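The values are calculated or read from the model by the stated rules, or taken from the named source; none is laboratory data. In this text, all values refer to a predicted model and were calculated from it rather than measured experimentally. Please note: Cβ atoms are built from the backbone with ideal geometry, for glycine as well, and neighbour counts cover all protein chains shown. Please note that ligands, DNA and RNA were not included when accessible areas were found on the heavy atoms of the full protein model with its side chains. Shrake-Rupley method; radii C 1.70, N 1.55, O 1.52, S 1.80 Å.
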Amino acid sequence: MQYSKFKDLQVSKLGFGTMRLPMLKDGSIDKDETKKMVKVAMENGVNYYDTAWGYHAGKSEEVMGEVLADYPRESYLLATKMPTWLCKSKQDVIDTFQKQLDHLRTDYFDFYLIHSIDDDEWPNIENIQCFSALLEEKAAGRIKHLGASFHCSLDLLDKILETYGSVLEFVQLQINYHDWDFAQGKELHELALKYGKPIVIMEPLRGGMLAKNGDPRLAFKFCSELENVFVTLSGMSTMEALEDNLKTFDSPDLTEAEYEEIWAHAAKLKNDLLIPCTACNYCYDCPSKIKISQIFEAYNESASKAFHEIWGKIYGPYDKLKRDSDPCIECGKCESICPQHIKIIQTLKDVEKKYDEFR
């Protein structure tokens, strides 16, 4: 196992993510298989274990608390996250934090994050005095290192790191070779470097898409070799996936030829999976008020997740966009002015058909 340095800690470059634990037919977590996987991970040097309140409908923390109780507390590094959307006051933050300690059968967290900061949730995070509450927990020794995970705009990330950079010791970002250009992964990485923040990477396989459509080893190594990245998380559901990852994080660095393979594959994915819409919005004046570019953006986001949605219905954003429009009258106005020469009329039908499959 390869390791990174985080302050005075040696951290395994592979982080054991617990958002996709093995499951039984009834939908519950397979505790026996999880225990076996953690045992193999421990024996092979994995020491970073990441969970959260919302994973597996609230059961991930409890199961990991039970599983990790078999090991000395100092033998692993434990990370979980504050679900701010459930909190309406500073006291809620404090009470939730205590419940998480109970779930995970510990009296401190090595790494603790404000979970999934986005532009909509940010005002609430400030209103409930989340930072103040968590800094009190840190002063009490119940948080060793405080950070945050982000799904926000670059502008908000810049603002938060400028304002709270003195207390946020690390950041967790969605970065992978597909998102490097498609979803501003490069810019996210550059912002973290600008503020000198060590990085935990989430979604290195883009929801599994990069494993289904390419070599997962290349995807993991791309992330782990980026500057200032100290942990790359993998949500592993099977022993086979764990064993593959252990081999990956014990292998040599990527070669120039492998980097060329990565960028060629990223380009192919973009061409094969995505609608080549640049959101220029020349088509905004649709007689049926169809939000064409926004529909294509929602579809591309779904496609980039291999049409897998953990938190809700994959067709939800699409249905919301469709609600305020009339059926397409196939006038062709949009196609006549599209700089990308997209066959918009047929593509809208294809998108509708795809989401119908999910319904």
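Annotations for the structure displayed:
- Note on the chain: helix-only mean residue ellipticity at 222 nm, from DSSP H runs of 4+ residues weighted -39500 (n - 2.57) and normalised by residue number, equals -13000 deg cm²/dmol.
- Neighbourhood net charge (14 Å Cβ-Cβ; Lys/Arg +1, Asp/Glu -1) for VAL40: -4
- In this rough spin-label picture, where each label sits 7 Å from Cα along the Cβ direction, the SER89-GLU352 distance is 5.0 nm.
- Check: the chain dipole with +1 on Lys, Arg Cβ and -1 on Asp, Glu Cβ, in debye: 460
- Taken per residue, the accessible surface of the chain reaches 48 Å², heavy atoms only and a 1.4 Å probe.
- Cross-link pairs LYS221/LYS247; LYS322/LYS353; LYS333/LYS354 - those with Cα-Cα distance over 19 Å: LYS333/LYS354
- For the stretch 143-222, taking the reciprocal of the average inverse distance between every pair of different Cα atoms yields a Kirkwood hydrodynamic radius of 13.2 Å.
- Restricting the calculation to Cα atoms, the stretch 202-359 shows an Rg/Rh of 1.06 when the hydrodynamic-style radius is the Kirkwood one.
- Sorted peptide list for 37-49, 117-129, criterion being average Cβ within 10 angstrom, highest first: 37-49, 117-129
- Approximate spin-label separation LYS39-LYS268, in nm, with each point projected 7 Å along Cα-to-Cβ: 4.0
- Applying 1/(1 + (r/R0)^6) with R0 = 35 Å to the Cβ-Cβ distance of SER75 and ARG359 gives a FRET efficiency near 0.15.
- Dipole-positive endmost among ALA267, HIS189, PHE150 within the chain (Cβ charges, Cα centre): PHE150
- Protection-proxy order for peptides 346-357, 58-69, 169-180, each taking the mean of Cβ atoms within 10 Å per residue, highest first: 169-180, 58-69, 346-357
- For the pair HIS151 and ASP26, the difference between a 0.36 nm per residue extended length and the Cα-Cα distance amounts to 41.9 nm.
- Under 13 Å of direct C-alpha separation, and excluding same-chain neighbours fewer than eight residues apart, LYS5 reaches these aspartates and glutamates: GLU227.
- Protein accessible area in the stretch 153-305, 1.4 Å probe - carbon and sulfur %: 49
- Neighbourhood charge, 13 Å Cβ-Cβ cut-off, centred on ALA279 and excluding it, Lys, Arg +1 and Asp, Glu -1: -1
- Mean Cβ count within 10 Å, highest first, over the residues of peptides 72-80, 222-230, 4-12: 222-230, 72-80, 4-12
- Hull-based mean projected area of the chain, where the convex hull spans the alpha carbons, in square nanometres: 19.0
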